[in-house]
Each structure stands twice: as C-alpha cells, then as structure tokens.
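The values are calculated or read from the model by the stated rules, or taken from the named source; none is laboratory data. Computed from a predicted model, the values in this text were never measured in an experiment. Heads up, the Cβs are rebuilt from the backbone with ideal geometry, glycines too, and the neighbour counts pull from every protein chain shown.
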Amino acid sequence: METLIVNPVRNTGRNTLALITTLGRAGVFFVRSVFFVFYLPFQWRRTLEQVYFIGAKSVTVIILTGGFTGMVLGLQGYYTLSKFGSEGLLGSAVALTLIKELGPVLTAIMVIARAGSAMAAEIGIMRISEQIDALKTMNINPIRFLVSSRLLAGVLSFPLLTALFDTVGILGGYLTGSKLLGINPGIYFYRVETSVLMSDVREGFIKSVVFALTVITVSCFHGYFTHLRKEGFGAKGVSLSTTTAVVQSCVIVLIVDYVITSFLL
C-alpha cells in the first residue's frame with residue numbers, strides 16, 4: 001500500500017521537475033536567441049535566406065488557404081446573416097473575422113506545417129550528426145548561427161504573410177458573396193472600409209509578430225535539444241522532435257491568441 005502511494009507522488013514530482021527544467025531551458029534559449037539578433041555583425045545573408053524560405057516559399061499555400069477561407073466565410077456568413085435580414089453586413093463580418101482572428105492564426109498554422117516542421121527536422125539532424133558540436137569547435141555560436149537569423153526572418157515574414165492572407169480572404173468573400181450570391185459589390189467593399197479600424201489591423205499584426213516568435217522558438221528549440229530526448233535517439237529522435245514541435249506550436253499559438261485577444265479587447 002505504501003509503495004502504491006509513493007510511486008504516484010514520486011512520478012508527479014519527477015514530471016513537475018522535468019517540466020520546470022524544460023521551461024527554464026526554453027526561456028534561456030529564447031532570450032539568447034533574441035540577444036544574438038542584435039549581435040554585430042548582422043547576419044543579413046542568412047536572414048534573407050530564411051525570409052525566402054519562411055516567407056516567399058509560403059506564399060502559394062497562404063494564397064490558397066486565405067482564398068478558400070474567405071470563400072467559406074462568405075458562404076456561411078451570407079446564410080447566417082440572411083436569417084436576420086442583414087446580408088449587407090457580410091463585408092464587415094468577413095473582414096473583421098479575417099483581420100482580427102483567422103488571418104494571423106491560420107497563417108501561423110500554415111507556416112508551422114510548411115516551415116516550422118522543416119526547421120525542427122533540419123536542426124535536429126544537425127544535432128544528431130554532430131554538426132552543431134562542430135560549429136562550437138570552430139568557435140561559431142550555434143544559437144546565433146542557426147536560430148537568431150530564423151527568428152528575425154520570422155518576425156519580418158509573418159506580418160506580410162498575414163496581410164496577404166487577409167487580402168486574399170476578403171477577395172474570396174467577395175467572390176462568393178457578390179458573384180455567386182448577388183450582394184452588391186459596392187455595399188460589400190463599403191462595409192469592409194467602414195468597419196475595419198486601424199486598431200483592428202494593429203491587433204492582427206501584433207498577433208502575427210508574437211506568433212512568429214512563438215513558432216520559430218518552439219520549432220528550433222525542439223530541434224536543437226533533440227539529443228536530450230529520452231524516447232529515442234537518431235532518426236527516431238528527430239521524428240519525435242519534429243512532431244512535438246508542430247503539435248506544441250499549434251497549441252501554443254491558440255493559447256497565445258486567446259491571451260492577446262483578452263488583453264486587447
């Protein structure tokens with residue numbers, strides 16, 4: 001009986017200490033990554049390479065996702081508003097939903113799926129193949145070399161991708177609302193113009209910057225510390241790190257979205 005009581009307490013304590021250790025390691029990792037962004041000389045070449053990888057190569061998936069999200073919002077919004085005789089407010093509903101919520105969140109999730117997983121896998125492979133240790137041997141700071149440039153590139157790319165997502169989504173809502181369902185195009189865009197305030201746009205951009213810091217940090221963190229995983233090493237460790245990075249990034253993005261929204265309302 002005593003053993004049955006002690007074991008759950010011991011496991012709870014062990015898991016709690018492991019969680020605190022991981023959170024502390026992640027916090028130090030994030031602070032060092034941000035610090036090395038401003039460390040001279042700036043890594044302009046590597047940053048531009050990551051802007052291309054994170055931003056430019058995500059444009060296609062962002063356009064497709066944004067377009068169909070706007071079209072779905074236009075379709076669902078029309079039939080919902082028509083029950084109250086308010087079809088003319090469709091432009092407001094689509095624009096505010098995209099700019100304040102769905103634009104930043106879905107952009108972050110799409111980038112996680114396309115770029116975040118790749119970053120976690122790439123850095124994880126570098127860790128298990130001892131390339132990160134080789135960087136230390138050559139007196140090159142691996143966090144500055146591998147993470148800081150990605151962090152800066154993410155902060156530059158996420159707001160631009162979010163703006164593209166919002167724009168395409170609003171046009172998608174116009175296609176279904178106006179071209180398919182017969183809402184006057186002038187009324188649609190008039191509602192978009194009058195309902196969207198600069199504070200709404202600012203809220204979306206604030207979320208996109210915070211999501212960028214979150215996604216890049218979590219993805220790079222799990223790849224960088226792949227060798228510390230107890231579940232497996234080598235290829236299995238990299239696969240587990242990549243999976244964990246994607247899942248945790250998506251969950252944390254949703255949690256952070258709620259926290260930011262509660263503060264900005």
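For the stretch 65-91, give me the residue count where each residue is in a helix (DSSP H, G or I), of a type outside the set (Ser, Thr, Tyr) and exposed (fewer than 13 other Cβ atoms within 10 Å of the Cβ). Counting residues in the stretch 65-91 that are in a helix (DSSP H, G or I), of a type outside the set (Ser, Thr, Tyr) and exposed (fewer than 13 other Cβ atoms within 10 Å of the Cβ) gives 0. In summary, Leu40 fulfils each of the numbered conditions (1) in contact (Cβ under 8 Å) with a residue 12 or more places away in the chain; (2) not in a helix (DSSP H, G or I) with the single exception of condition (1). Looking only at residues of the stretch 1-18 that are over 14 Å from Phe225 (Cβ atoms) and of a type in the set (A, V, I, L, M, F, W, C), we find that the one that is modelled with the highest pLDDT is Leu17.
The sole residue among Thr137, Thr194, Thr176 that is exposed (fewer than 15 other Cβ atoms within 10 Å of the Cβ), closer than 25 Å to Tyr78 by Cβ and more than 23 Å from the chain's Cα centre (by Cα) is Thr194.
Can you say whether Leu81 is at pLDDT below 90, aliphatic (A, V, I, L, M) and touching a Phe, Trp or Tyr at 6+ places or on another chain (Cβ under 9 Å), as far as the supplied structure shows? No: the conditions fail for Leu81. Take the conditions surrounded by fewer than 20 Cβ atoms within 10 Å (Cβ to Cβ), more than 30 Å from Val31 (Cα to Cα) and not polar (S, T, N, Q) and apply them to Ile187. Does it pass? So Ile187 passes the test. Within the stretch 46-64, the set of residues being within 11 Å of Leu152 (Cβ to Cβ) and surrounded by fewer than 17 Cβ atoms within 10 Å (Cβ to Cβ) comprises just one member, Leu48. Restricting to the stretch 116-125, what's the tally of residues that are crowded, with 24+ Cβ neighbours inside 10 Å and of a type in the set (A, V, I, L, M)? Residues meeting the conditions: 3. If we scan the stretch 94-104, do we find a residue that is closer than 17 Å to Ile216 by Cα, crowded, with 18+ Cβ neighbours inside 10 Å and out of contact with any Asp or Glu (no Cβ under 6 Å at 6 or more places or on another chain)? Yes: the stretch 94-104 contains one or more residues that are closer than 17 Å to Ile216 by Cα, crowded, with 18+ Cβ neighbours inside 10 Å and out of contact with any Asp or Glu (no Cβ under 6 Å at 6 or more places or on another chain). Applying the criterion of being loosely packed, with under 13 Cβ neighbours inside 10 Å and not hydrophobic (A, V, I, L, M, F, W, C) to the residues of the stretch 31-45, the residue that is nearest to Ser148 (Cα to Cα) is Tyr39. Just wondering, is there one or more residues in the stretch 143-161 that are aliphatic (A, V, I, L, M), more than 23 Å from Val253 (Cβ to Cβ) and either in contact with a Lys or Arg (Cβ under 7 Å, 6 or more places away or on another chain) or free of Cβ contacts under 8 Å to residues at least 60 places away in the same chain (or both)? No, there is no match, as no residue in the stretch 143-161 is aliphatic (A, V, I, L, M), more than 23 Å from Val253 (Cβ to Cβ) and either in contact with a Lys or Arg (Cβ under 7 Å, 6 or more places away or on another chain) or free of Cβ contacts under 8 Å to residues at least 60 places away in the same chain (or both). Applying the criterion of at least 3 residues that are closer than 20 Å to Phe205 by Cβ to the helices (runs of 4 or more DSSP H) found wholly in the stretch 92-194 leaves 103-111, 149-174.
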